[in-house]
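Following: one structure in structure tokens, then a few remarks.
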Amino acid sequence: MNMKRWQSRTGAIEIQFNWIFVLIIGALIITFFVMIAQKQKQASDRSLAADILSDMGLLFTGQGVSVGREDVLEMPDIPIDVSCTDFSMMGIPKELGQTILFAPSRIEAEELIMWTLSWDVPFKVANFMYMTGKDDKYYVVGKDADCNPEPGDNSKWGPIIDSERNLQLGEILPKSMDVECVPVGNLDALEYEKNPYVKFVFLPSALPPGASLPRIPDEFRAARVSILAIDGDISVAGWENGGAMLHLSTVREAGSTAYEMKPFPAFGTEAVLGAIFASDHETYTCMMERAISRMRNVAKVYKERTQRLITYFDEAECTRYLPYTLLDRYLDFPEPGRGGSIGTGEAASIARNIIDILRLGDAPLRQVVRQAQRASCPTMY
């Protein structure tokens, strides 16, 4: 009887062991196939990312020659990382080359917004490209008057930033962007809308002289956040003639409360718009350093061309419209250090050079070119 009971217990233990063995083997088999599926998905995603990056490179080339062009592109659920030198997906980089691109450091969206403007000083230097996700949120913070649009036109808000066409900030930004103008008194009442990235742009009207930066509501800690504070003159002359200083933060990662603000002088309307799109001061400064270096090179080409024209015309009537020394202001502009961070003192020095170019160089150049055109003479640019 005891023998039978012992055999019964032994059989039960064997059955339990068999079931445990089957469960372990089954779990291993399932894990194996899950790992294979994940690797196949990763390989598929990397292949898709490589194809998208190649297509985007071609798109940048086409977009870069189409001033004022705005496109909205459907994208797969793969984040895009942007730096000063390249953009990447799934760790696969694609060099920007000569493209000057202002964008958040990471874009997570199913729709991508791309926009292009020409940067003229007054001769054309380059096309600035702007990129962001349709799910990204931009809050422009000012006084009540900044955010009250004209009846029937919700785009008419903010300062005038294009004097030739008399356009306000709300009119010139891409219509597909999620932008909201918020009176500074309503900042605490903002509710987080689950956007992956949020940008706060503080106009000078929201930051009286000596005032500290307003506090961002705590619920926005769930998002990646960056801040642009514009300090100084944002009248037409201010935006276009460098009369404003841009203070751009680092990107505050989700859950963090730390911001580090650094300055860079406004170099015309297109550069201010670039600071709105760029998410951190390091990438923005690097992009502007590249733009300034190109400006110097373009000015050098125009000066050499103008000197040759003077030699060709000798004492002809048209030489009076070729004062090439006006271009020396651009050639004497300090060469920015690539990728470096511009400190407060250096930023103030560059600001003085920018104002010198835009106020003392821009107007005379435009005037002499118009005079040359009226006289049917070759122009400096």
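For region 100-111, which residues satisfy the criterion of being of a type in the set (A, V, I, L, M, F, W, C) and at pLDDT 90 or above?
Answer for region 100-111, where residues must be of a type in the set (A, V, I, L, M, F, W, C) and at pLDDT 90 or above: Ile100, Leu101, Phe102, Ala103, Ile107.
Specify which of the listed residues (Ala278, Ala291) is surrounded by 19 or more Cβ atoms within 10 Å (Cβ to Cβ) and more than 18 Å from Asp81 (Cβ to Cβ).
After applying the criteria, what remains is Ala291.
Could you tell me whether Glu193 is in contact with a strand residue (DSSP E or B) (Cβ under 8 Å, 6 or more places away or on another chain), touching a residue at least 40 places away in the same chain (Cβ under 8 Å) and in a loop (DSSP other than H, G, I, E, B)?
yes
How many residues are assigned to a loop (DSSP other than H, G, I, E, B) and either in contact with a helix residue (DSSP H, G or I) (Cβ under 8 Å, 6 or more places away or on another chain) or among the aromatic types (Phe, Trp, Tyr) (or both) when one looks only at region 143-190?
The total comes to 11.
Say we look at region 72-94 and pick out the residues that are at pLDDT below 85 and within 16 Å of the chain's Cα centre (by Cα); which of these is nearest to Ala126 (Cα to Cα)?
Step by step, filter region 72-94, then rank; the result is Phe87.
Could you please give the count of residues in region 84-101 that are in contact (Cβ under 8 Å) with a residue 60 or more places away in the chain and in a strand (DSSP E or B)?
Result for region 84-101: 2.
Conditions tested, residue by residue: (1) more than 16 Å from Gly274 (Cα to Cα); (2) modelled with pLDDT of 90 or more.
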{"position": "Ser176", "(1), (2)": "yes, yes"}
{"position": "Val179", "(1), (2)": "no, yes"}
{"position": "Pro208", "(1), (2)": "yes, no"}
{"position": "Ala211", "(1), (2)": "yes, no"}
{"position": "Val236", "(1), (2)": "yes, no"}
{"position": "Ser249", "(1), (2)": "no, no"}
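From the list Pro104, Pro122, which one is in a loop (DSSP other than H, G, I, E, B) and surrounded by 23 or more Cβ atoms within 10 Å (Cβ to Cβ)?
Pro104
Determine whether Leu327 is buried (at least 16 other Cβ atoms within 10 Å of the Cβ), outside the structural domain of Phe267 (by TED's automatic domain parsing) and at pLDDT 90 or above.
Here the answer is yes, as Leu327 does meet what is asked.
So which residues in region 133-158 are under 24 Å from Tyr284 (Cα atoms) and surrounded by fewer than 22 Cβ atoms within 10 Å (Cβ to Cβ), if there are any at all?
Hits for region 133-158 are Lys134, Asp135, Tyr138, Tyr139.
Confirm whether Ile107 is of a type in the set (Val, Ile, Thr) and under 30 Å from Val369 (Cα atoms).
No.
Of the conditions (1) crowded, with 19+ Cβ neighbours inside 10 Å; (2) more than 11 Å from the chain's Cα centre (by Cα), Tyr130 clears all except one; give me its number.
(2)
Report, by residue number, each residue of region 109-119 that is in contact with a Pro (Cβ under 9 Å, 6 or more places away or on another chain) and either more than 24 Å from Met288 (Cβ to Cβ) or surrounded by fewer than 19 Cβ atoms within 10 Å (Cβ to Cβ) (or both).
Ala109, Glu110, listed by residue number.
With respect to Asp356, is the statement that it is surrounded by 14 or more Cβ atoms within 10 Å (Cβ to Cβ), among the charged types (D, E, K, R), within 23 Å of Met288 (Cβ to Cβ) and at pLDDT below 90 true?
yes
Looking at (1) under 23 Å from Met288 (Cα atoms); (2) in contact with a helix residue (DSSP H, G or I) (Cβ under 8 Å, 6 or more places away or on another chain), can you tell me which one Arg106 breaks?
(2)
Given the structure, is Leu203 crowded, with 19+ Cβ neighbours inside 10 Å and touching an Asp or Glu at 6+ places or on another chain (Cβ under 7 Å)?
Yes.
Can you work out which of the residues in region 206-232 that are of a type in the set (A, V, I, L, M) and under 30 Å from Asp77 (Cα atoms) is surrounded by the fewest Cβ atoms within 10 Å (Cβ to Cβ)?
Going through the qualifying residues, I end up with Ala222.
The values are calculated or read from the model by the stated rules, or taken from the named source; none is laboratory data. Values in this document were obtained by computation on a predicted structure and should not be read as measured data. Glycine also receives a Cβ, built like all others from the backbone with ideal geometry; neighbour counts cover every protein chain displayed.
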